[in-house]
Structures are given as C-alpha cells and as structure tokens.
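Structure provided below as structure tokens; questions to follow.
Bear in mind that the values in this text are calculations on the coordinates, not laboratory data. Not measured: the values here are computed from a predicted model. Here the Cβ positions follow ideal geometry from the backbone for every residue, glycine too, while neighbour counts run over all protein chains shown.
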Amino acid sequence: MKQNKHFISLKLFFCISLFALSFTVFAQEEPKSGNSAQELADKMANPVASLISVPLQNNLTYGIGAYNGSKYQINIQPVVPFKLSENLNLITRYILPVVDQQDVTGENTHEFGLSDATVTAFFAPKTKGIILGVGPAFLVPTATEKLLGTEKFGIGPSVLVMHQGKGLSIGFLANQIWSVAGNADRADFNQFYTQLFLTHSYKSGASLGITSEITQNWEGKTTLITVSPNVGAITKLGGQTMQFAVMPLIPVVGHSSIRSDWGLRAVVAFIFPQ
C-alpha cells in the first residue's frame, strides 16, 4: 500500500512539474519556423488544422466512485493530416489511452494497461468564416485488460463546427459511437461525447481558455460533465517545437459511481510545422 501511495505521489509530482514548466516557457524564445508562435497556438486550438502533432495528455483523477479510487491515464493523441485536393483535407486523429487505476472497479483492486482506442477522420473543406469537419469515428478494442475495455468494435458520426479569428477560437466537436461487433457477452457500447472550447491566443504563443467535456453513456444511463479552465504556451526546446498546457478537471455532473472528486490534466504536444 505504501508503494502504491508513493507511485501516485510521483504521478502527481509529474503533473505539477508540467504545470510549472508551462509557465516558464512563456519567457522562451518564439519558434522560428514558418509560423509565428501565435499562429501555431491557433492551429493547435483547431482540431482540423493541417498540422502534424503528437499530444501526450496526462490525466490524474482522485476520489472516483464508491471506493474513492484514483486513476492516471495518458492519452497518446497523434494528429495526421492528408491533403485530398486543393480544397479538401482529411484530418485523422487517434486516441490511445494507457491507464493505471486503483480502487476503481472494487476495493483493493488495480488495473494497468491499454484501454480502447478511438480513431476519428474529419473531412475538412477549406472555408471562410466557419470551419467545418465531418466524418466517421471508430472505437477499436485495443484494451489489454478486460476491465479497461469494452471488447467491442464501434462506429458512428463525428462533427466539428468552430470559428477562428484574431486569436480567438470557439466551437465544439462531437461524436456518437455505437458498437457493431465484438464479444456478445459484454454490454453494448452506445455513447455520445462532445467538447466545447473557447481559447484566446497571444503573440507570445501563450493561450488562455476554457473547455467543457460531456459524455453521455446511453447504455448505462449516466452523464459526466467536466469544466476545465486552461493555460498553455508554445515554445522550442532544442530544435523541437512544443506546446505545454495545464488545467484542472472540475466535475460538474456525474453519477457517484463514475464521478471523481477532482482532477488535473497536463498536456505536452510535439508539433511538426510544415
């Protein structure tokens, strides 16, 4: 038990370290790629920007469910764009979660491994004013432990609507996924997810914003809503352009079986400007 507590403390220290680092990078030299720091910050705020990036999203949550569980989850989230024509891009987004959780599924329980992956493909036409993206979203059963996944393959629609101008980005993305194949002994997957975001960037590459995430599990009849004010910055470490961001995960709505008491998210994104 003491080792577990020390392990969780190390995770917390890691997230706090990223928090401190995200503030120190404000003073760093602006990236000297083809894009200014503010342009890169705006592109990172746009889920369908034609920009290759690999965000590592670290999530630490405490006080989950009846057993006061804790969870550390790192989402590996590469974004790879493809140019289909002069006026149409295909933006592929991948989310591969690695989970380490304790006392979430029961008292004195521990699970570690991959969870299910989500793959989204946005067809994004070049437009003026409103930015649009639409395409399929897939649930891929990549979990390495039974309790970390659904053992189901799913598919459904995804959509993005946003406006961006003068350093201000506002919009939402959403998907609805239904299971269509997999282990017949496991519950069907039927889930809606949406993220609403508002971000303001500055010439230095710094950004301030607020995000709300809503997850509706139709099968389990549960709703989870979080709100996250956030701060971020663009910088260069060596020759690598990066973005750092940090935010609390504030639970607003959620059933007691899935809702946490509090959480912290720290993001490190590797950016590859074209």
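What angle do you read, to the nearest 10 degrees and between 0 and 90, between the alpha-carbon axis of helix 2-24 and the longest principal axis of the chain?
10
Based on Cβ point charges of +1 for Lys and Arg and -1 for Asp and Glu, what charge dipole magnitude is obtained for region 27-123 about its Cα centre, in debye rounded to the nearest 20?
280
For region 128-151 and region 171-190, write down the distance between their C-alpha centroids in whole Å.
A separation of 9 Å, based on Cα centres.
Could you name the aspartates and glutamates in cross-link range of residue 126, using Cα to Cα under 14 Å and dropping any fewer than eight places away on the same chain?
Within the straight-line cut-off, residue 126 pairs with 86.
Taking Cα extents along the principal axes in Å as the quantity of interest, determine which of [x] 52, 42, 30; [y] 73, 62, 33; [z] 66, 38, 34 was computed from the displayed structure.
[x]
Around residue 164, under 10 Å between beta carbons, what's the net of Lys plus Arg minus Asp minus Glu among the other residues?
+1
While we're looking at this one, here's another question. When the Cα centres of region 202-218 and region 241-259 are compared, how far apart do they sit, in Å?
So the separation of the two Cα centres works out to 10 Å.
Also, quick follow-up: To the nearest 20 debye, what is the magnitude of the charge dipole of the chain about its Cα centre, counting +1 on the Cβ of each Lys and Arg and -1 on the Cβ of each Asp and Glu?
Using Cβ point charges on Lys, Arg, Asp and Glu, the chain gives about 580 debye.
Still on this structure: Two decimals is fine: what's Rg over Rh for region 55-195, C-alpha atoms, Kirkwood radius as Rh?
Over the Cα atoms of region 55-195, Rg/Rh equals 1.04.
Additional query: What range in the chain is the longest one free of chymotrypsin sites (Phe, Trp or Tyr not before Pro) that are in a loop by DSSP and have at most 16 other Cβ atoms within 10 angstrom?
Here the longest segment lacking exposed loop sites spans 68-201.
Which longest run of the chain has no exposed loop site in it, a site being GluC sites (Glu not before Pro) in a DSSP loop with at most 15 other beta carbons within 10 Å, and the site itself not part of the run?
Here the longest run is 146-218.
What does the helix-only formula give at 222 nm for the chain: each DSSP H stretch with n ≥ 4 adding -39500 (n - 2.57), the total divided by the residues, and the result rounded to the nearest 500 deg cm²/dmol?
-4000 deg cm²/dmol
For a quick check of your reading of the filter: which trypsin sites (Lys or Arg not before Pro) in region 131-233 sit in a DSSP loop and have no more than 16 other Cβ atoms within 10 Å?
166, 186, 203, 221
Please report, in debye to the nearest 20, how large the charge dipole of region 172-274 is about its Cα centre when each Lys and Arg carries +1 at its beta carbon and each Asp and Glu carries -1 there.
Computed about the Cα centre, the dipole is about 380 debye.
Show me, bin by bin at 10 Å from 0, the whole-percent P(r) of region 138-258 based on Cα pairs.
Going from the shortest bin to the longest, the percentages are 12, 30, 31, 21, 6, 0.
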